[in-house]
Amino acid sequence: MKRNLMLMTGGTIAALLVGIAIGVGIGRNNTREKSVENVSEHAGHEQAQVSVWTCAMHPQIKLPKPGKCPICLMELVPLSKSQDNFSDDGPSRIVMSPLARKLASIATVPAVRRGLKSEIRLTGKIAIDETRQEVISSRFHGRIDRLYVNSTGIAVRKGDHLADIYSPDLVSAQQELLNAAKALSSSTDVNLSVTYKRILDAAKEKLRLLGFSEADINIVLSKNEPSDHMTIRSGQGGIVLEKMAVEGAYVETGMPLYTIADLKTLWVKLDAYESDLGWLKPGQKVEFTVEAWPGEVFTGTTHLIDPVIDPMMRTAKVRVETSNPDNRLKPEMLVRALVRADISSTGKILGQNIRGKWICPMHPNIVKNSPGKCDICEMPLETAQSLGYGTSGIEKNDPLVIPATAPLVTGERAIVYVQIDSSEQVVYEGKEVVLGPRVGDYYVVKSGLTEGENVVVSGVFQIDSELQIKAKKSMMNPNGGGTIQTGHAGHGKVATSSNKQPETEIKPAPVETNRQSHKDGVSHEHH
């Protein structure tokens, strides 16, 4: 009996456990069904409120119901009107909400007028001023009997004696002078005196052409005796660079004896690349340094820009004239130069140093404050403006400039996006501008903008790309009205638009469902 009681107790416990398990299962099924119903009701309520669904990676995809993106197969997200950060407002305009501006890092600055100064760095070397060189040559046949200057590097002054040359040809020329002077002094006839005077003047001119100075001619007249030697003298002051004369050597007419150069004024020949030529004009101030005098800055003025480009180096020589009163600068010294170019309101380069001056077209180193003639060639002076030495007058306005990050330059045109509204929904509009030269971090604007307009300097590409997506006027599409791509390289569909982007009706791709039947008859779906 005891054993029967134990068997009944075990069966009762087993029955109770089975009942508990069934109750738990029923409870779980009921809870799951209620959760599914709640989710379905919530999704249906959300779908009822949302009319547009879009892709987070491809915002051009806008569908009327949920699904997957036809491009990347991501789940679409609801898009309400308040979340639509970009809206259409004109063929080249776009409206951005504060959140969109923050995400795109949009920043603007006003277009302002300010003075610009471009810095051009050049290299070159010091050269001799070609206009201050002189070659002393023999004007007659003779023999060098004595050299007063017998080595190069000697400094001479104008009129200093250089060498004595013996020549029999000098005796006959001097004798003609003495005969004409004697005939003039002994003549009593007025008509003959006029003739003798002309003969005397011709004899003096002949001696001058042979190299006799006025003092040498007077010495011959005072001594009343011809000399078979003549002293060769320096025609200018400077340094003897070359000495071809040798004492005791015979020379022919025209043979060079000395080369003398005045080094008080030197040239600095700089190499300018083609990209630098637009910043260089005659009359600009140039600062340069040399290795021999570190820390010291020398100055000069540009006088000539070579009209021909070197075919090998692809550079043009820029000639700068500089003074050298203490002879510290030496020819062939290497220099590093800096040119600062002032930009006018029209984008031109100003030559401030000689504006309003009068210059010789053949000798640009002759500069005067009033019209006249050149001291060297006696040509009439011309105005600096007519010779291209900068603009005349004073520029009233500084150039209109914008930061270099503002424009999108395609090679043929430049686009700038301007903020035209300061309300909560800011409007940005694209404008085509004409740019002048770039000076450092700024561009000169010739036309297309007015002073004070706020231009976008950060986030420009974000605005332009959104305009491209909406098939509006943009950097790469100047006319707008193109096609709106909704797929990669031909995948998906393409919708044509003129100004507004239509709703892209693309159905989500069908999702395959694999069903597997189990022995218990329950069907499970695997996506």
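Observations on the structure shown:
- Site pair E382 and R121 shows an inter-label distance of 3.6 nm when each label is modelled 7 Å from Cα along Cα→Cβ.
- Each residue, E252 and A215, gets one label point 7 Å from its Cα in the Cβ direction; the gap between the two is 3.3 nm.
- In this calculation the C-beta distance from A155 to R336 is compared with R0 = 25 Å, giving a FRET efficiency of 0.30.
- Accessible surface calculations at 1.4 Å, restricted to protein heavy atoms, place the stretch 159-278 at 53 Å² per residue.
- For H229, the solvent-accessible surface with a 1.4 Å probe is about 70 Å², rounded to the nearest 10.
- Listed residues P168, S193, L103: farthest to the positive end of the dipole of the stretch 82-238 (Cβ charges): L103
- Protection proxy ranking for 408-417, 309-318, using the average of other Cβ atoms within 10 Å per residue and placing the highest first: 408-417, 309-318.
- Under 5 Å between amide hydrogens, built in the peptide plane, is the criterion, and for A163 it picks out Y148, I232 among residues at least 5 positions away or on other chains.
- Each peptide in 93-100, 447-454 receives the mean, over its residues, of other Cβ atoms within 10 Å, and ordering these scores from highest gives 93-100, 447-454.
- Cα-projected label distance for Q236 with A404, points at 7 Å along beta-carbon direction, nm: 4.4
- Chain lengthening between N224 and M362 when straightened (0.36 nm per residue, less Cα-Cα): 45.2 nm
- Computed 3J(HN,Hα) for the stretch 457-469, one whole-Hz value per residue from the Karplus formula 6.51 cos²θ - 1.76 cosθ + 1.60 where θ = phi - 60°, is 10, 9, x, 5, 5, 5, 5, 5, 5, 5, 5, 5, 4, glycine and proline marked x.
- Take 257-266, 325-334 and order them by the average number of nearby Cβ atoms within 10 Å per residue, most first; the result is 257-266, 325-334.
- 13 Å beta-carbon shell around E382, net charge (K/R +1, D/E -1): +3
- For the residue pairs K65/K431; K206/K264; K117/K473; K158/K330; K281/K357; K206/K373, the C-alpha atoms sit more than 26 angstrom apart in K65/K431; K206/K264; K117/K473; K206/K373.
The values are calculated or read from the model by the stated rules, or taken from the named source; none is laboratory data. Please read these numbers as outputs of a predicted model, since none were measured by experiment. Counting neighbours? That spans all protein chains shown, and the Cβs are built from the backbone with ideal geometry, glycine included. Ligands, DNA and RNA are stripped out before the accessible areas are found, and what is left, the full protein with its side chains, is counted by its heavy atoms. Shrake-Rupley method; radii C 1.70, N 1.55, O 1.52, S 1.80 Å.
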